[in-house]
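Below is one structure, written out as structure tokens, with a few remarks after it.
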Amino acid sequence: MFADLNAGRSRTMKRHVRHTPYSEFIHPKRVSMQISENTVVSIHYTLTNNAGETIDSSIQRGEPLAYLHGAGNIIPGLEKALVGKAAGDKLDVTVNPEEGYGERHEQLIQQVPKTAFEGNEENLQPGMQFQAQTEAGPRIFTITAVEGDEVTVDGNHPLAGETLNFAVEVTEVREASDEEKEHGHVHGPEGHDH
């Protein structure tokens with residue numbers, strides 16, 4: 001009689017209980033959030049030029065770069081390559097100038113008199129940067145030469161015209177907060193910091 005009761009119960013239970021292999025309890029499958037618009041992404045990266053020289057590296061700084069995906073916070077070519085990736089993914093990305101910092105424009109290289117740098121004429125050196133108002137809005141210029149009373153300035157981004165090679169590891173992907181979406185950038189652990 002007991003055998004019949006147990007037999008009926010196990011058939012009933014089989015209909016309602018999904019049998020989970022023991023291995024899934026030990027190593028559950030994790031569903032990682034994928035990179036898409038309005039996700040906060042943290043990546044470690046090393047940027048090299050075509051000569052193999054390291055230009056920049058988050059690893060050397062000791063902390064990953066965090067950005068709001070889809071807000072234009074990183075160059076378009078890298079942002080496009082990261083769509084659909086998840087934490088733990090590693091990839092190599094080559095970004096051409098048009099998807100990076102653009103082509104070089106010779107008209108952005110100009111010679112200006114030292115007197116244009118009111119009060120700083122004696123301290124001007126190649127490599128110094130400053131912001132100036134242009135017809136297209138504010139632009140960063142780099143001093144490339146100082147000769148006599150003339151200063152050569154370049155309004156191109158230092159990496160304009162360069163093919164950029166990134167070795168990337170995605171370290172974290174999370175949903176952006178409403179405040180981050182509204183402001184268009186990532187907020188740190190302590191919150192809003194403008």
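Evaluate the following for D154: is it over 16 Å from I74 (Cβ atoms), in contact (Cβ under 8 Å) with a residue 24 or more places away in the chain and either crowded, with 16+ Cβ neighbours inside 10 Å or out of contact with any Pro (no Cβ under 8 Å at 6 or more places or on another chain) (or both)?
Taking the combined requirement at face value, the residue satisfies it.
Among the residues of the stretch 3-21, is any on the phi > 0 side of the Ramachandran plot, surrounded by fewer than 10 Cβ atoms within 10 Å (Cβ to Cβ) and either assigned to a helix (DSSP H, G or I) or modelled with pLDDT of 95 or more (or both)?
No.
So, in the stretch 37-90, of the ones that are assigned to a strand (DSSP E or B) and free of Cβ contacts under 8 Å to residues at least 12 places away in the same chain, which residue ends up surrounded by the fewest Cβ atoms within 10 Å (Cβ to Cβ)?
Applying the filter and picking the extreme gives T54.
Only one residue in E162, E179, E169 is touching a strand residue (DSSP E or B) at 6+ places or on another chain (Cβ under 6 Å), at negative phi and of a type in the set (D, E). Which one?
E169
Going by the structure shown, is N96 in contact (Cβ under 8 Å) with a residue 60 or more places away in the chain and under 23 Å from T46 (Cα atoms)?
It is true that N96 is in contact (Cβ under 8 Å) with a residue 60 or more places away in the chain and under 23 Å from T46 (Cα atoms).
Among A167, A160, which is the only one that is surrounded by 13 or more Cβ atoms within 10 Å (Cβ to Cβ) and part of a loop (DSSP other than H, G, I, E, B)?
Sole residue among the options that is surrounded by 13 or more Cβ atoms within 10 Å (Cβ to Cβ) and part of a loop (DSSP other than H, G, I, E, B): A160.
Anything in the stretch 113-129 that is under 15 Å from I140 (Cα atoms) and either modelled with pLDDT under 90 or surrounded by 11 or more Cβ atoms within 10 Å (Cβ to Cβ) (or both)? List them, or say none.
Listed by number, the residues that qualify are F117, P126, M128, Q129.
Pull out all pairs, ordered by first then second residue, where Cβ-Cβ is under 9 Å, the residues are six or more apart or on different chains, the first lies in the stretch 102-120 and is touching a residue at least 24 places away in the same chain (Cβ under 8 Å) and closer than 11 Å to H157 by Cα, and the second is in a helix (DSSP H, G or I) and of a type outside the set (K, R).
Sorted first by the residue in the stretch 102-120, then by its partner, the pairs are E103/P97; R104/P97.
The values are calculated or read from the model by the stated rules, or taken from the named source; none is laboratory data. What you see is a predicted model, and the numbers here were worked out from it, not measured in a lab. Positions of Cβ are generated from backbone atoms using ideal geometry, with glycine treated the same way; all protein chains shown enter the neighbour counts.
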